Structure formats: C-alpha cells, structure tokens
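Contents: one structure, followed by commentary.
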Amino acid sequence: MSSHQEDLEAIRTVVQRTAALLDTEQFSEWISLFDAEGSYELAAYSTEIRRWMTWQLSDRPALKQMLDEVGEHVRDPARRRHVVGMPFVEFTDDATARATTTFSLFRTTPEGTSSLYIVGSYEDQFIKRDGAWRYAFHRVVSDTRVLDAFTHIPV
Amino acid sequence: MVRLLTGHDKPQLPETHYLDNRIFTDEAIFREEQERIFTKTWQFVCHESEVDKPGDFRCARIAGKSIIMVRGADNVIRGFHNACRHRAAEIVRDESGTARMFTCFYHHWTYGLDGRLRGVSKPEGYEAVNLDKSTLGLVPVRSESFAGLVFVCLDDGVEPLREFLGDIVKGFEEPLGTIPLEVFHFHKAVLKTNWKLWQDNNSERYHALLHVANRKTMPWVLGKTSPMKLRIEAHGHSGYWADGGEAVVDYAKGGYSDGAEGALPGMRGDEMRVINLFPDLMINIRSNVVRLDRMVPLGPDRTLVEWRGLAVKGDDARMRAIRTRQHNLFWGPTGRNLPEDVLAVESQARAMGTGDIRYSIIAREEQLNPTDDANIRSYYREWGRRMGKSPATLA
Ligand code: FES
Ligand SMILES: [Fe+2]
C-alpha cells in the first residue's frame, strides 16, 4: 500500500473512531483523537438572524473538564448512535489534511423509541505528528437547529 | 382504617403559597390565557438589531397570529399582521430578510414598507368597482421599543409599554439600552411542557441545586444568605441581582475562566442579573453577555422557546469570542445548565399530566434571598388578576 493510501486509511479510521467513542462514552479516548493544540467546535447557521453561530468551542483542557464532570450532570437517558458517511479527504501537505464527512446522530430512549437527533457534517482539519493523524480542528456543523433533547456531550 | 396520603389534599398553607397544577395542564385554561394574557400584554418580538436597516423584516408568532416587524425607510419599526388584504395569503414566508417592498406571491399585490397598498396587478379589472387602495393597507399592530427590545401589543386599550414595564427596567435599561447590542445567537426548541413552568424555572434560584455548574460557581445558593436579592415590581415583573459587594458568580471555583472582561454598562465583573417580565420574557445578564428567552405557547404541554444571545455591536473577534464562550458555557444549546433545565420542566409536565399531584408549593420565605418564592407568588398574583381566578383554588 502506498503511504498516501495509508494516510487516507488512517484519517478515515480517526473519523469512524470519533463517532464510535462518543457512542460508547469513552470520553478520554475521544479527547486523545485531538492534537495537543486541537479544538472542537459545534457550529450552525441561523436563517433567522442570518449568521453563523458557534454553539460550543473548546480546547482540550476545556473538553477534559467538561467530560470529567459528565457524571455530575443530570442527563438525557437516551443512548446515542452515530451513522457516519465516507470522509472526503484532501491532503494539504504531507502532514496536514482536510476532511468532510456527513453524519447523523440518533437517540434511542430507554423504552426503545428511536428518533433523529442531529444531522450535519464534520468539517475537519488534521495534523500528523509522531506518525499519528489527529484533529487540529474538529468542526461539527449541525443542519438541525431545533433540538429534541439537549445535551452538552459532544456530537 | 389508616387513611393513605393523597396528592389531592390541599396543602396546609395560605392560598398565596400553592398552585393548582391544572393551571399547567388544562386545555380550557390554556385557551383563556391566550385570550386574557397574551393578547392583552406587551409581547417581546425581537431585538432592534434584527431589523437593523430600512427594509429589514422579521416574522414572529404571537397568540396564534403571524406578525411581521419591518424597519421603514424613515427608520421606524412597524408591526403588521402577516396577511394580504386580497385573499389573505401570507405576505412574508421567511423568518427574516430584507425587502424594498412586499409583493404578495399569490396575485402580486404590492405593499410599501410602511404597509400601504401601493399597487394591484391588472388594475383595470377593479376600475368598475373603484377599488379604494387607501383602505387596503396591511393591518398594523401596535409596536413600541425599550432598551433595544421591540414589543407589540394586540390590544389597543393596553397602557403604553413604558408604563407596563414600570420600575423593573432599572435592572436592564443601562446594560441593554445605553450601548448598541446585536443578536449573535438564536436557537429554538419545542419543549414538552407548559410555558409557565419554563418561566418559573428561570424565576426560582432554589433549583440551582440541580446544576453542578451552579453548585460550583454560586456556592452561596446553598448558604443562608446571598449577595443577590429578589426585586418584586408591579404587574408581575420581578428579578434578582446584587447592589454591590462580593461577586455573585465565582467562575474560578468551578474551574472556569472568569467572565469579567468587557462588562456591559452598569455591570460589575462576575455579576449576574435575572429579570422575568410578565408573562413570558426572560432577560438574563452575565457581566458581558445577555440571554433573552421568549415563548410561543403551542398547547398546555407544548411550548416553543426562542433563545437569543446579545453582544456588543462592533466587538472585535477576540471580544466576541469571549462573550460567545461565556454565553455558551451555561446557556448555549449544549451548555451546562440549559439541558438540565429542559429535563426538569419536561419531567414536571409528564408527572402533572397524570393528575396524581394536584398542588405545587411556592411557600419559601427567606427575606428576599433568591431562593425565596416571593417573586413566583407575585407572578401568580398577576396571573390570577388577569385570569379572574385564583391559581390555587381556580375559583
Ligand atoms: S392573496 Fe395576496 S395578492 Fe392575492
Ligand atoms: Fe436552571
């Protein structure tokens, strides 16, 4: 396999792991997918006020604090499952890349009723350090703006 | 035989200190509220910045009506019912936009930004009946503004806005009204709850116990006294804030970066003010950022809530990022507090819907500390006055 193909596979795997780790609530492993300088954004466009909005923007320490405190919060009891499309990857150089991936996130209540929670796309920037690809910027763009159940857990 | 407790026994409390939960679930009471409260009070529709330039318009629903707010060429913000005088199609079908005039999409009648009927298509067809265009403008809605907040009132008999607001404005007129602000955040959701439970949630600080973020950053809520005091004003309006002394939010205790930078006029660093206008506007101010909640009740157990975040117009990117972070930390759709508040009020609505517990208790008396229920009692006194029935006995 060419090294380009390996890089492509590595980035696709990071995207799949992102979703899987959130679904199983392995938050510290999820954070480790970010570069030390990396950050997470949840953004949406409001047609009402005709501008882009940042709903959350956190660097690694802020993500860690938030996720460490998940157990102290009262939470939506539904479990969540991502369905993630094939990332479209563009390399900017040997150690940086951009990727766009559509995703949807469903919630299933303890009684077993499922509903769509959010549909949107990941618009990511990757950086390769010490042979590993990680998020320099993991940007989640949510098409959904009327949320059925709120959560501060990343999407 | 031992008599079991029932949820329908009246609390042994003064009538002012409890509520009959049917005011949150009953269909007929809900319809009466629309009539006696929502069409007879000043209703917040939008912030001035949402209709910033001549031609900018913004749509809103109030008491089942669709309203257009538009800034005219003369810079006056006017309200109109969103319906064409020809055959009543909607004039505007977007949430917001910019127009030079309004052309109805159905048969192309056109209206000016001032609502006047400017032209009808194929006018020769109306010559025989001498159609008088001057009587067929868009139907206006009373509109007045205060501190950048645009209100409308569906009833001509109601007092002017400033009189309706009364002295509660001292809590927000300086931070909101003395510097140009703009809406940088908007989201909405349909909560499966009664609209008053969302207002109550914002009014009572007792539930700071629900929020891990409040337990950490507002340690005084668990103590006996607080730097913040309830302010009870006329017409059911209330709020709570501190007049000085220690900071009311200790961000460092919660491990968060502080919210002092870029404080709005009249606000101290790490200050917080909560203002609840009767019936359904909430103004929450953290030193450098503002949150507004407005509601569109859809049914006894369905409520559309709109959330707005306000920041200073002309912020540089760094300052805007600070305000945005401060807003999102607690109040954003993925903030620390909002999801918990929503779970609480939806849970109440489910349990109240069973009819098993007839009464809610609003009996705390604590010298106007924010965990006192005096503001909620004042709110429901006003509700009772307008509805012509006691919220405790429904009589
Ligand atoms: S309904 Fe508007 S032009 Fe006919
Ligand atoms: Fe709350």
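Would it be correct to say that B:Pro370 is within 16 Å of ligand 2 (Cβ to nearest atom), touching a residue at least 40 places away in the same chain (Cβ under 8 Å) and part of a loop (DSSP other than H, G, I, E, B)? When the stated conditions are applied, B:Pro370 passes them.
Those strands (runs of 3 or more DSSP E) of segment A:86-155 in which at least 2 residues are within 28 Å of B:Arg325 (Cβ to Cβ) and not small (Gly, Ala, Ser), considering only elements entirely within it, cover A:96-108, A:114-129, A:132-142.
Scanning segment B:364-395 for residues that are open to solvent by 30 Å² or more (accessible area, probe 1.4 Å), in contact with a Leu (Cβ under 9 Å, 6 or more places away or on another chain) and at pLDDT 95 or above gives no hits. So is B:Arg302 modelled with pLDDT of 95 or more, under 19 Å from the mean Cα position of the chain (by Cα) and open to solvent by 30 Å² or more (accessible area, probe 1.4 Å) or not? For B:Arg302, the condition - modelled with pLDDT of 95 or more, under 19 Å from the mean Cα position of the chain (by Cα) and open to solvent by 30 Å² or more (accessible area, probe 1.4 Å) - is met.
Within segment A:1-37, the set of residues being among the acidic types (Asp, Glu), open to solvent by 20 Å² or more (accessible area, probe 1.4 Å) and outside any loop (DSSP other than H, G, I, E, B) comprises A:Glu6, A:Asp7, A:Glu9, A:Asp23, A:Glu29, A:Glu37. Identification of strands (runs of 3 or more DSSP E) wholly contained in segment B:71-119 with 2 or more residues that are over 18 Å from B:Asp52 (Cβ atoms) and open to solvent by 10 Å² or more (accessible area, probe 1.4 Å) yields B:117-119. Summed over segment B:36-70, the residues that are more than 24 Å from B:Ala88 (Cβ to Cβ) and either open to solvent by 20 Å² or more (accessible area, probe 1.4 Å) or of a type in the set (D, E, K, R) (or both) give a count of 9.
Can you name every residue in segment B:184-202 that is open to solvent by 10 Å² or more (accessible area, probe 1.4 Å) and either more than 11 Å from every other protein chain (Cβ to nearest Cβ) or without any contact (Cβ under 8 Å) to a residue 60 or more places away in the chain (or both)?
Matches in segment B:184-202: B:Asp200, B:Asn201, B:Asn202.
Go through segment A:38-56 and count every residue that is under 25 Å from B:His47 (Cα atoms) and open to solvent by 20 Å² or more (accessible area, probe 1.4 Å). Residues in segment A:38-56 being under 25 Å from B:His47 (Cα atoms) and open to solvent by 20 Å² or more (accessible area, probe 1.4 Å): 7 in total. Restricting the first member to segment A:35-57 and to residues that are more than 10 Å from A:Val140 (Cα to Cα) and more than 7 Å from chain B (Cβ to nearest Cβ), and the second to residues that are open to solvent by 10 Å² or more (accessible area, probe 1.4 Å) and not aromatic (Phe, Trp, Tyr), the beta-carbon pairs closer than 6 Å and six or more apart or on different chains are A:Asp35/A:Ile127; A:Asp35/A:Arg134; A:Asp35/A:Ala136; A:Gly38/A:Ala136; A:Ser39/A:Asp59. Report yes if some residue within segment B:305-312 is open to solvent by 10 Å² or more (accessible area, probe 1.4 Å) and facing chain A (nearest Cβ under 9 Å); otherwise report no. There is at least one residue in segment B:305-312 that is open to solvent by 10 Å² or more (accessible area, probe 1.4 Å) and facing chain A (nearest Cβ under 9 Å).
So is B:Glu48 of a type in the set (D, E, K, R) and in contact (Cβ under 8 Å) with a residue 40 or more places away in the chain or not?
yes
Taking first residues from segment B:90-119 that are within 14 Å of chain A (Cβ to nearest Cβ) and partners that are within 11 Å of ligand 1 (Cβ to nearest atom), the Cβ contacts under 9 Å between residues at least 6 apart in sequence or on separate chains come to B:Val92/B:Phe102; B:Arg93/B:Phe105.
Within segment A:85-103, if we keep just the residues that are touching a residue at least 40 places away in the same chain (Cβ under 8 Å), surrounded by fewer than 18 Cβ atoms within 10 Å (Cβ to Cβ) and touching a strand residue (DSSP E or B) at 6+ places or on another chain (Cβ under 7 Å), the residue that is farthest from the other protein chains (Cβ to nearest Cβ) turns out to be A:Phe91.
Residue check: B:Leu329 meets all listed conditions (1) farther than 20 Å from B:Glu33 by Cα; (2) surrounded by fewer than 21 Cβ atoms within 10 Å (Cβ to Cβ); (3) not small (Gly, Ala, Ser) but one, namely (2).
Comparison of B:Arg320, B:Arg385 shows that the only residue that is under 13 Å from B:Thr16 (Cβ atoms), assigned to a helix (DSSP H, G or I) and of a type in the set (Lys, Arg) is B:Arg385. When we screen B:Asp243, B:Asp293 for residues that are open to solvent by 10 Å² or more (accessible area, probe 1.4 Å) and either touching a helix residue (DSSP H, G or I) at 6+ places or on another chain (Cβ under 7 Å) or in the same structural domain as B:Asn194 (by TED's automatic domain parsing) (or both), the only hit is B:Asp243.
The values are calculated or read from the model by the stated rules, or taken from the named source; none is laboratory data. Computed from a prediction, not measured in an experiment: that's the story for all the values here. Note that we place each Cβ from the backbone using ideal geometry, even for glycine, and neighbour counts take in every protein chain shown. Just so you know, the surface numbers come from the protein's heavy atoms only, side chains and all, with ligands and any DNA or RNA stripped out. Shrake-Rupley method; radii C 1.70, N 1.55, O 1.52, S 1.80 Å.
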